[in-house]
Amino acid sequence: MTNVPDLPDAAEALEHFPFDDGRGIEVNERFRELRQRKGLLRVRLAHGEPTWLVTRYADARLVLGDARFSRAMSVGRDYPRQEEATELAGLVILDAPEHTRLRKLLLQALSRSRMEALRPTLRAAADDLLSSAMNAGPGMDIVVDYAQQMGVLSFCDLLGVPASDREVFESTGAALLPGSAVGPEDRMRRFGALRTCTEQLIAERRARPRDDLMSAMIQARDEEDRLTDTELIDLVFSLLLARFETIITQIPNCVYVLTRGDRALWNRLRANPAELPAAVEELLRNNASAGAGMFVRYAREDVDVGGTLVRAGEALTVVNESANHDPARFEDPDAIDFTRPPGGHLTFGHGAHYCAGAQLGRIDLQEGLGVLLTRTPELTVRDITWRERPHIRGAVAMRVTWQGGPE
């Protein structure tokens, strides 16, 4: 029997979500209780209308993968969110058939062979950044001096951005990050500069194609269909944000987990570098990096989800960090096990909106962590400043050293 609450009364006593201030990457214990109870919990975020909280793995896959749940219905609504901004655009908020068309064309450009061919470039960028940091002193802020710089360099190399325009991409990427201190006027100025650079790059690549992602996106086609300039610009913005979130968040998060305590995980990977791909998958599953409001869907019709009847037009928020720790799907889910069978985690999403750049994100982490493991065997985290109440959990700053002693 489904659970049908009296919504007007329930709305008066709704809990606020998230359940903590978002600092750190530990999974909140409250999710354990919610996975065990029948039905869904209805909550409020800092802004927007109430939402059903989806915490179990099977329910999360249903909501993320079933066409009865819509991303596009978020547009124009007071959707549940952590920040005041309400403007939504790009591939992530489209439904089929528009989403299917754009995604198909994007995946032509983001081919596995193209992504794998980037490994040497990514490794060289990480190696150069670490060399510069080591020449400057006994430590660095791994967020700003390493992960952020690697994100910019690799994204610009991938897209074919000339060196003269890279500062524009870096400044705009930083403004896009959740919790950014950049004000609205400055953010719009940066967006305008990025749009101008992207328009110029599109024009240049249409006239003179090269072996880069922009040229591949321009050339991608399905019969007579191809991406418009507006669609190309939107995809560049979406890809830039995704790249920054993956590299800037996950490299420091992984370093933190690998080096804490007795450093057994860090030492194991140093001794067994072939395990790094499996380790990256397990760390992506384990780390509670995706925060509140990232995966909002709206029910197109009445649907039973986990014993709760969700009415047409109601919002649902998938908490993938909880789903990734569901014992009904993962044995001993709180343990970090590099031998766990690969796949299945929801960190990159599921269904039609599964991250198109997931393979590139994996390569980013493998190469970025691989350079650190090889060249800084005694790397130690000295100080961390965590983001508070973010969409993406991670560090604002993380000071590391590599000589084993204090600076």
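The values are calculated or read from the model by the stated rules, or taken from the named source; none is laboratory data. Quick caveat, the model's predicted, so the values are computed rather than measured. Cβ placement follows ideal geometry from the backbone for every residue including glycine, while neighbour counts extend to all protein chains displayed. Ligands, DNA and RNA are excluded from the accessible area calculation, which covers all protein heavy atoms including side chains. Shrake-Rupley method; radii C 1.70, N 1.55, O 1.52, S 1.80 Å.
Observations, loosely collected:
- When a 1.4 Å probe is rolled over the protein heavy atoms, the share of accessible surface on the stretch 33-79 that falls to carbon and sulfur comes to 47 percent.
- DSSP beta bridges in the chain [antiparallel fraction, %, rounded to 5]: 75
- Over the chain, Cα pairs under 8 Å with separation of 6+ residues give a relative contact order of 29 percent.
- Counting only protein heavy atoms and a probe of 1.4 Å, the accessible surface of the stretch 139-206 is 53% carbon and sulfur.
- When +1 charges are put on Lys and Arg Cβ atoms and -1 charges on Asp and Glu Cβ atoms, the dipole computed for the chain relative to its Cα centre reaches about 600 debye.
- Computed extension length for Arg206-Glu26: 60.2 nm, one decimal, from 0.36 nm per residue of separation with the Cα-Cα distance subtracted.
- Note on Cα extents along the principal axes in Å: of the candidates (1) 63, 56, 41; (2) 86, 39, 37; (3) 58, 53, 44, the value calculated from this structure sits at (1).
- Calculated accessible area for the stretch 353-407 comes out at 39 Å² per residue, all protein chains present (probe 1.4 Å; ligands, DNA, RNA ignored).
- What the stretch 189-283 shows is 44 Å² of accessible area per residue, with the surface traced by a 1.4 Å probe over protein heavy atoms.
- Ordering of 256-264, 334-342, 347-355 by packing [mean C-beta count within 10 Å, highest first]: 347-355, 256-264, 334-342
- Solvent-accessible area, 1.4 Å probe, carbon plus sulfur percent, for the stretch 258-360: 52
- Distance between modelled label sites at Thr100 and Thr374, nm, 7 Å Cα→Cβ extension: 4.4
- Å² of accessible area per residue within the stretch 48-152, as computed with a 1.4 Å probe and no ligands counted: 44
- Cβ crowding within 10 Å averaged over residues, with 368-374, 134-140, 248-254 ranked highest first: 248-254, 368-374, 134-140
- Axial C-alpha extent at least 18 Å, average Kyte-Doolittle at least -0.5 - helices from the chain (DSSP): 119-136, 229-244, 358-375
- Applying 1/(1 + (r/R0)^6) with r as the Cβ-Cβ distance of Ala136 and Arg77 and R0 = 51 angstrom yields a FRET efficiency of 0.60.
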